[in-house]
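Visitor: Before I ask anything, here is the structure I am working with.
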Amino acid sequence: MWRERHRRYGEPTFVPMAEVYSIIEGVLSPSSLGFEQVRERVWVRRVDGEHTSMWSLQPVKGAAVTIVWGTSVPYVPVRLVPRLRWARTLKQSTAALWETSGEVWSRSGGLLMRGGIDTGRGRQCVEDDAQELWTAVRDRAVAFWNTTSSPAGLLAAAQQQAAHPSIHDPAPALTAVFTRIRLGDTTAARTRLSQLTSTLTKEELEAAKRAIDLLHHPSPDRA
């Protein structure tokens with residue numbers, strides 16, 4: 001792989017990250033999919049009053065950038081400690097559940113490094129990697145957005161993710177708990193939350209319990 005990259009792109013040439021993001025945005029063309037930019041490297045698209053599709057660019061080790069796609073909802077807290085926070089506006093959008101190209105990239109061969117876009121081989125390499133990676137994962141991202149655009153779909157996807165170890169934040173199991181609350185299954189949600197002692201700290205568990213109470217009794221503190 002290294003030899004082929006060297007043959008195609010020559011000596012290592014690092015591209016400034018601002019240019020990298022601009023090149024990738026040009027390839028992915030978020031506006032053509034109805035997305036608007038709300039923060040640096042973050043684009044969102046409102047699905048309905050509760051569900052917002054989003055994708056972002058995430059720099060990772062090895063001078064690479066991955067594509068992250070997810071869904072933001074107001075009924076799953078985006079932070080438990082030190083203070084509860086919720087995503088209630090487009091600008092606050094934070095994925096309650098997400099995937100990344102670095103996790104799902106499974107193509108055999110090819111020139112992509114770990115499901116990411118190489119930023120150390122010049123501008124043409126960034127553009128080529130972005131095109132190849134987006135072509136490979138676009139259908140997966142679209143399917144994810146479609147699946148998680150309802151509480152029932154989000155719950156199913158969260159449960160599927162929770163069945164496998166990950167370092168996702170928020171934890172998929174926690175997203176599943178709050179989605180159960182949204183679906184009216186409070187008893188099952190509280191039971192499942194009590195089982196997350198190996199996933200959440202004591203402080204996070206207590207905060208999650210307060211968040212569940214807030215969903216039933218909204219207050220000005222929910223911000």
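The values are calculated or read from the model by the stated rules, or taken from the named source; none is laboratory data. Keep in mind it's a predicted model, so treat the numbers as computed, not measured. FYI the Cβ positions are ideal-geometry reconstructions off the backbone, even for glycines, and counts take in every protein chain you see. Each accessible area value is taken on the protein alone, full model and side chains, heavy atoms only, with ligands, DNA and RNA left out. Shrake-Rupley method; radii C 1.70, N 1.55, O 1.52, S 1.80 Å.
Visitor: Considering only protein heavy atoms and a probe of 1.4 Å, how much of the accessible area of the chain is carbon and sulfur, as a whole percent?
Guide: Its accessible area is 50 percent carbon and sulfur atoms.
Visitor: Further question: Based on the Cα coordinates of region 1-122, what is the per residue volume of their convex hull in Å³?
Guide: Output value, Cα hull per residue: 124 Å³.
Visitor: Still on this structure: Give the lysines reachable from LYS61 as a straight Cα distance under 25 Å; neighbours fewer than 8 places away on the same chain don't count.
Guide: Answer for LYS61, where 25 Å is the Cα cut-off: none of the lysines qualify.
Visitor: Now for a separate question. Whole-Hz ³J(HN,Hα) for each residue in region 69-82, computed from phi via Karplus 6.51 cos²θ - 1.76 cosθ + 1.60 with θ = phi - 60°, x for glycine and proline: what do you get?
Guide: Computed from phi, the couplings for region 69-82 are 10, x, 9, 9, 9, x, 9, 10, x, 8, 8, 9, 10, x Hz.
Visitor: Right, another one. Setting aside same-chain residues fewer than 8 positions from LYS202, which aspartates and glutamates have a Cα under 20 Å from its Cα?
Guide: Partners found: ASP169, ASP213.
Visitor: Estimate the FRET efficiency between ASP139 and LYS202 by the formula 1/(1 + (r/R0)^6), using the beta-carbon distance for r and 35 Å for R0, to the nearest 0.05.
Guide: It comes out at approximately 0.25.
Visitor: A further question follows. Quick one: accessible area per residue over region 1-49, 1.4 Å probe, rounded to a whole number of Å²?
Guide: Values: 3160 Å² over 49 residues.
Result: 65 Å² of accessible area for each residue.
Visitor: Also, quick follow-up: Using Cα pairs under 8 angstrom and six or more residues apart, how large is the relative contact order of the chain, in percent? Working shown, then result.
Guide: Values: 326 pairs, mean separation 43.2, N = 223.
The normalised contact order for the chain reaches 19 percent.
Visitor: Would you mind listing how long the chain runs along its three principal axes, going by Cα atoms, in whole Å with the largest first?
Guide: Per principal axis, max minus min of the Cα coordinates gives 61, 33, 30 Å.
Visitor: Heavy-atom accessible area of ARG121 with all protein chains present, probe 1.4 Å, nearest 10 Å²?
Guide: 20 Å²
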